[in-house]
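Read through the structure below, which is laid out as structure tokens, and then see the notes.
The values are calculated or read from the model by the stated rules, or taken from the named source; none is laboratory data. Just so it is clear, the structure is predicted and the values come from calculations on it, not from any experiment. Every residue, glycine among them, receives a Cβ derived from its backbone with ideal geometry; neighbour counts consider all protein chains shown. Side chains are part of the model used for accessible areas, which takes the heavy atoms of the whole protein and leaves out ligands, DNA and RNA. Shrake-Rupley method; radii C 1.70, N 1.55, O 1.52, S 1.80 Å.
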Amino acid sequence: MRILFGWEFGAGLGHINRIKPIARAFRERGAEIFLALQENERADAFWNPATARLPKGYHLLPIPNWRMPTDPKARQVPTHSFADVLTLIGYGNEAGFATRLEAWCGLLAAVQPDLVIGDFSPTLNIAARRRVPSLTIGNGYTMPPGGREMPPIRPWQSKLETFSKEHETRLLEIINKVLRLRGEEQLVFLSDAFHGDRSFPLTLPIVDPYAESRSEGTLPPFNMPTGIRPLPLEQRAEDGVFFYMPRSHPSLRTVIDALSRSKLNVRAYISGLGPQQAAQQSTATFRVSPDPLPFNEIMPKARLLVHHGGLSTAVAGAMAGTPQAIVPWNLEHLVTARRIESLGAIQVVNNPEKEFPGKALSQLLVRMARDDQLAAKAIGAAGTIDPGDTETALGTIIEAGLALAKSPGG
């Protein structure tokens, strides 16, 4: 059996953390695994450093990339639905879509897979339709409900702006024009591009932006933290803060400066920072680890978690019963922050430079880290988070994939 995993859009470890356990489970069943990844360097999750190769049975492929916007002003363009997101990255360019669709079809023809598994891969999903049995995975954010018009990404928004609806209409027209010219079946809804023959959103209701509009079931995500239990207040480090952000976060320096001024006792991990740079950033009260810190050990001992709004980090903080100051980097992080904010004991700082100028951000973080009532609220809410049974979720996906691969034409 040959399985092609495709990851077309998005960045970060979340995508590979979904793909890896599924690929490994199929490989253990003898499948040949073909990886077509948006970020080829993420293949190091499978890498054998002793041989400088992927393990036997794994193959890394180039993919037809889209050119992501590099202008920082692009982040200010309103994105209220995934039609807006696709428009922003150039999906409305007819020639661009047609070329990349042809490239994915060429990849399918070259690999001849028995099954396609797409993670945030709408063009691959479209290419696989009626050609290869396909299964889609993703978090709640990257998998809008199929079979309907796009709902708002922002769960606090009840209806879409007119421009979002216009984007959706135009994108669907462009996609269907290309499919018509190719003599292939057209899409009924733009949202169908995010789904395959079987679809498995891997998310928790508390952080799913489409929870109120999703009719299909979801599965617990694989990259959720495990073994995290809240500690009582008296067992937490006085003024203890856990800080986690990617190096490329635009507000990284602002938040570091605020924490440094606060004199709180900070343990930090800044992804993308090398050991020498981590040492240079460290002070007596702001200690930067060159390696990721285990959530299950450090979060329950902290009085405050400061981070960028990554899904697993936000859920881990909630499970640990630790108050959170979340500084979102993008819309996905903001949506996660706003969803989990309902638990209480969470402060979303969307624009720290404007919302908390001067010493205000430092003062906010000190207040949060020393607020016993806030801590008690977070500890009380920890029991409401159920990360689910990821082994059962994985088994469900494997069974569905095997059934699809054995289906007629598979």
For the stretch 297-393, which trypsin sites (Lys or Arg not before Pro) pass both filters: DSSP loop (anything but H, G, I, E, B) and at most 13 other C-beta atoms within 10 Å? Lys359
Measuring from label point to label point, each 7 Å out along Cα→Cβ, what is the Ser158 to Glu28 span in nm? 4.9 nm
Name the shape class, rounded, prolate or oblate, that the alpha-carbon gyration tensor gives for the stretch 235-374, where a ≥ b ≥ c are the square roots of its eigenvalues, rounded holds for a/c under 1.5, and otherwise prolate holds if a/b is larger than b/c and oblate otherwise. rounded
Mind checking the log10 I(q)/I(0) for the chain at q = 0.09, 0.12, 0.13 Å⁻¹? Debye, one equal scatterer per Cα, no solvent, two decimals. -0.58, -1.01, -1.16
For the stretch 1-160, report the convex hull volume of the alpha-carbon atoms normalised per residue, in Å³, without decimals. 133 Å³
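Can you give me the accessible area per residue for the chain, using a 1.4 Å probe, in Å²?
Details: 18080 Å² over 410 residues.
On a per-residue basis, 44 Å².
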Using a Debye calculation, one point per C-alpha and no hydration shell, please list log10 I(q)/I(0) for the stretch 167-223 at q = 0.16, 0.26 Å⁻¹ in order. -0.65, -1.03
Arg229-Thr283 pseudo-label distance in nm [points 7 Å out on the Cα-to-Cβ vector]: 3.7 nm
Roughly speaking, to the nearest percent, how much of the chain's 1.4 Å accessible area is carbon and sulfur? 50 percent
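Can you work out the FRET efficiency for the pair Leu61 and Gln276, with r the C-beta to C-beta distance and R0 = 45 Å, to the nearest 0.05?
Values: r = 34 Å, r/R0 = 0.76.
In this case the efficiency is close to 0.85.
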Can you show me the helix-derived [θ] at 222 nm for the chain, built from DSSP H runs with n ≥ 4 at -39,500 (n - 2.57) apiece and divided by the number of residues, rounded to the nearest 500. -11000 deg cm²/dmol
Per residue, the convex hull enclosing the alpha carbons of the stretch 190-306 has a volume in Å³ of 168 Å³
